[in-house]
Structures are given as structure tokens and as C-alpha cells.
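Here's the structure we're looking at; comments come further down.
The values are calculated or read from the model by the stated rules, or taken from the named source; none is laboratory data. In this text the structure is predicted, and so the values were computed from the model without any measurement. Please note: Cβ atoms are built from the backbone with ideal geometry, for glycine as well, and neighbour counts cover all protein chains shown. The protein model used for the area step is the full one, side chains on, heavy atoms only, and it has no ligands, DNA or RNA in it. Shrake-Rupley method; radii C 1.70, N 1.55, O 1.52, S 1.80 Å.
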Amino acid sequence: TGPDARLHTGDSELLGLEQAVNSLLDRMRQSYQQQARFVSDASHELRTPIAVIQGYANLLDRWGKEDEQILEESIRAIKSESDHMKKLVEQLLFLARGDSGKTRLVMEKVSLGNLMKEVLDESVLIDPKHHYILKNEEDDLLITGDSSMIKQAARILVDNAAKYTPEGGDILLRTGRNEKGHSFFLVQDEGIGISPDDTPHIFERFFRSDPARSRESGGTGLGLSIAKWIIDRHGGYFQVLSREGIGTRITVCFPS
Ligand code: ADP
């Protein structure tokens, strides 16, 4: 190994370093672009309810005292738009905090069966329009995780099942262990289903197959991206099985 060889090694090290820096810059660029898009989409989503609230406030100002129907309609619309905005802002804050690395998970032993039982009890209380069923295939299926976060993810899946399933439909919650030995919980509905083209996109921020339908049922297009953020932090993964007009099953699995 003479000085030439040393020069050679130095060259290839430099090249390696250059590639590493370039790939880091690419990733930073990509993440910056994603953030910029997120901010622009979020502003757009917030502008709509603000414009509607302003419109109805003007209507109230002009006709509210004389026309009772306008009064009632405006109050109802302002309430519903501000509820939507509140939900949107809370979800945006969750994701922004998550992106900035400020969210700490509190890990503990969590019984998936008990957790799903709590989610079921809440759902039965707030939604009498569907029939909720829970099947725990194993007693005391324990995982390590942040129980309130996992519960939040499960609630999002159950809320969606209810949103996209006609009245009277069944919503099945199940916990168990899959063929790989991974613990799972799943939420299955008898709803409208998701098209194969849309399925790969449902976890993207603000993605909706049918924006009007999602909006009408109080959707923001952020629910599943929050669920994904939570499950990713647990090293978990999703499986989506859906047939249009038949229903959807979303399974959340936890290795280890
Ligand atoms: P949204 O607030 O619009 O429901 P999500 O992020 O929770 O937003 O879901 C994204 C989109 O995925 C929804 O708008 C809907 O098109 C589709 N989707 C999610 N869950 C279901 C389901 N259970 N059945 C049918 N479509 C669903």
C-alpha cells in the first residue's frame, strides 16, 4: 500500500460521503416539500369553514331579526362549521406536535381485549344507529404500548366504520393473534367500501375518496393519518381489506 492506494481509499471515502450528504439533502428537500404542502392544504381546509361562518354571520346581521328561518338556519350552520373547525384544529395540532417530535408515548402493558371493550362501550353509547359486536379470541392479549394513543387509533377506525356504514349495519371489533404470532385488533364494517385505486392513499393527510360525503359526516381527511402516526410509533402495521358495496376491514398488528 503506497501513497497512491491511500489516495484511492480517500477518494472512495469522499465519494461515499458525498452520496450520503446528497441523499440526506434529498430527504430534507422531500420532507420540506411535504411540510409545505401540509401547511398549504391545512390553510385551504380552514378557509372553507371560516368563509361559511362569515357568510352566515352577514346573513344574520342583515335578516336575522326579521326572518326566523334565516336565524335558525344560520345558527345551525355556524355551530356545525365551528365544530368542524375545532376538530380540524385539534387534529392539525396533533400532527404538528407529532412531526416536531414533541409527543412522548407512555409505554405500559396494555390488554387489547380490555381496550377494545372500552371502545365498544363508548361506541354503543354514542351511536345507537349501528350494531356493535366484540370478539376477543384470546384472554388477556397483552402488548406494550401507550394505551390512550392506541385507543385513539381504534376510535378513529370505529368512527370511520360508523361514518361509511348505512344505519342498522354491523360493526365488528375483534382482537387476536395472526399467523405470524403478532397481536392484532381489527374493525370490520358493512359499509360502502374503498376502491382498489383509493386504498393505497387512505392514510395520506387530507385524502378522501368522496370529499362531500366525508365532509357531510364530519370527516376531515386526517383521521387515518393520525391513526397511522400512532401505530407507526408502536412499530405496528395496517392491513386493509375492502370491497366496494360490501364493506371494509382494517387490521392493526403489533409485532413482538
Ligand atoms: P375522513 O375524515 O374523511 O373519514 P380518514 O383519514 O379517516 O378521513 O379516511 C380517509 C378516507 O378513507 C375517507 O375519506 C374515506 O374515503 C376512506 N375510508 C376510511 N375508512 C373507511 C371505511 N371504513 N369505509 C369506507 N371508506 C373509508
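I'd like the projected area of region 1-136, averaged over all directions, using the convex hull of its alpha carbons. Report it in nm² with one decimal.
Details: hull surface 69.0 nm².
Average of the hull's projected areas for region 1-136 equals 17.3 nm².
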Inset, instruction - Take the alpha-carbon positions of region 111-247, form their convex hull, and give its projected area averaged over all directions (one quarter of the hull surface) in nm². - result: 8.0
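Would you mind getting the accessible area per residue of region 80-140, heavy atoms of the protein chains only, 1.4 Å probe, in Å²? Could you put the intermediate results ahead of the total?
Values: 3980 Å² over 61 residues.
Here the residues of region 80-140 average 65 Å² of exposed surface.
With runs of 4+ DSSP H residues as the only contributors, calculate the mean residue ellipticity of the chain at 222 nm using -39,500 (n - 2.57) per run, divided by the residue total and rounded to the nearest 500.
Working: 6 runs with 142 residues, N = 256.
That comes out to -19500 deg cm²/dmol.
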Inset, instruction - Would you look at the GNM of the chain, springs on alpha carbons closer than 10 Å, and say which of 76, 27, 208 moves the most? - result: 27
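What does the extension gain come out to for residue 105 and residue 93, with contour length at 0.36 nm per residue minus their alpha carbon separation?
Numbers: separation 12, 0.36 × 12 = 4.32 nm, distance 1.61 nm.
Using 0.36 nm per residue and subtracting the Cα-Cα distance, I get 2.7 nm.
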Inset, instruction - Return the distance in nm (one decimal) between the two label points of a simple spin-label model at residue 124 and residue 41, each offset 7 Å from Cα along Cα→Cβ. - result: 3.7
Inset, instruction - Between beta-carbons, use under 15 Å as the cut-off and find the net charge around residue 165, counting Lys and Arg +1, Asp and Glu -1. - result: -4
Legend entry - Cross-link partners of residue 79 among lysines (Cα-Cα below 18 Å; sequence separation of 8 or more within a chain): 87
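Based on the alpha-carbon gyration tensor of the chain, what equivalent-ellipsoid semi-axes (square roots of 5 times the eigenvalues) come out, in whole Å, largest first?
Details: eigenvalues 333, 179, 51 Å².
Semi-axes (√(5λ), whole Å): 41, 30, 16.
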Legend entry - Apportionment of accessible area to carbon and sulfur, the chain, percent (1.4 Å): 53
Legend entry - Loop sites in region 112-144: trypsin sites (Lys or Arg not before Pro), DSSP, at most 15 other Cβ within 10 Å: 129
Inset, instruction - Give me the lysines in straight-line cross-link reach of residue 135: C-alpha distance below 29 Å, same-chain residues under 8 apart excluded. - result: 109, 117, 151, 163, 180, 228
